[in-house]
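Single-structure report; data block below.
FYI, it's all coordinate maths here, none of it is from the lab. These numbers were taken from a predicted model, which means no experiment stands behind them. Here the Cβ positions follow ideal geometry from the backbone for every residue, glycine too, while neighbour counts run over all protein chains shown.
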Amino acid sequence: MSKGFVNQENTHSRPDGAYGEVIRKIAKDGVCPFCREHLTEYHKHPLDERKFWWITDNMWPYKPSLQHKLVIHKEHVSHVNELSNDAWVELLEIQKELSAKLNIVGGTLVMRFGETHFTGASVSHLHTNLVQSDPEDPSYDPKKGLVTRIG
Ligand SMILES: [Zn+2]
């Protein structure tokens, strides 16, 4: 079982080693990279702020993808049972808005929650990944699609 804010064992799906290095540093620092006081230290893309969520581009997008947005809950929670109904409603509104704004005609929405040992999440702080794969990328394998761990 993992303890702490990040799970170093769940960085293996990334094609480059730089992400693993960042997660190791975060684990060493002993901080949550998605909590308000550390988010801009580890996350360099602009943030769009709503009442319950931040919206941003993933610093480490799944590959190959055309779009990879993160929607991060502003308060540190890790399980879906900790979300208020109002936060769920706002999350739905954000996902619909992003899909329309980015013209995502086909995409994938991933939300891992709870104990990262079971989910593959590298950061336990609750967030969603909105991903549009890139089937035209030379590295895209149509038999596998975009591959990431979801369990
Ligand atoms: Zn956090």
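L130 meets each of the listed conditions (1) in contact with a helix residue (DSSP H, G or I) (Cβ under 9 Å, 6 or more places away or on another chain); (2) over 28 Å from G20 (Cα atoms); (3) of a type outside the set (S, T, Y) apart from (2).
If you go through the range 94-113 and keep only what is surrounded by 12 or more Cβ atoms within 10 Å (Cβ to Cβ) and either of a type outside the set (S, T, Y) or in contact with a Cys (Cβ under 9 Å, 6 or more places away or on another chain) (or both), you end up with I94, Q95, E97, L98, L102, I104, G107, L109, V110, M111, R112, F113.
Total residues in the range 81-136 satisfying the condition of being more than 16 Å from the ligand (Cβ to nearest atom) and of a type in the set (A, V, I, L, M): the figure is 13. In the condition set (1) in contact with a Pro (Cβ under 8 Å, 6 or more places away or on another chain); (2) part of a strand (DSSP E or B); (3) among the aliphatic types (A, V, I, L, M), L39 is compliant with all but (2).
Exactly one residue out of K69, K63 is buried (at least 18 other Cβ atoms within 10 Å of the Cβ), away from the ligand (no atom under 16 Å from the Cβ), touching a residue at least 24 places away in the same chain (Cβ under 8 Å) and part of a strand (DSSP E or B): that is K69. Taking the range 104-137 as the range and being part of a strand (DSSP E or B) and either aromatic (F, W, Y) or more than 9 Å from the chain's Cα centre (by Cα) (or both) as the test, the residues that pass are T108, L109, V131, Q132, S133. Taking the range 16-36 as the range and being free of Cβ contacts under 8 Å to residues at least 60 places away in the same chain and either assigned to a loop (DSSP other than H, G, I, E, B) or within 9 Å of the ligand (Cβ to nearest atom) (or both) as the test, the residues that pass are D16, G17, G30, V31, R36.
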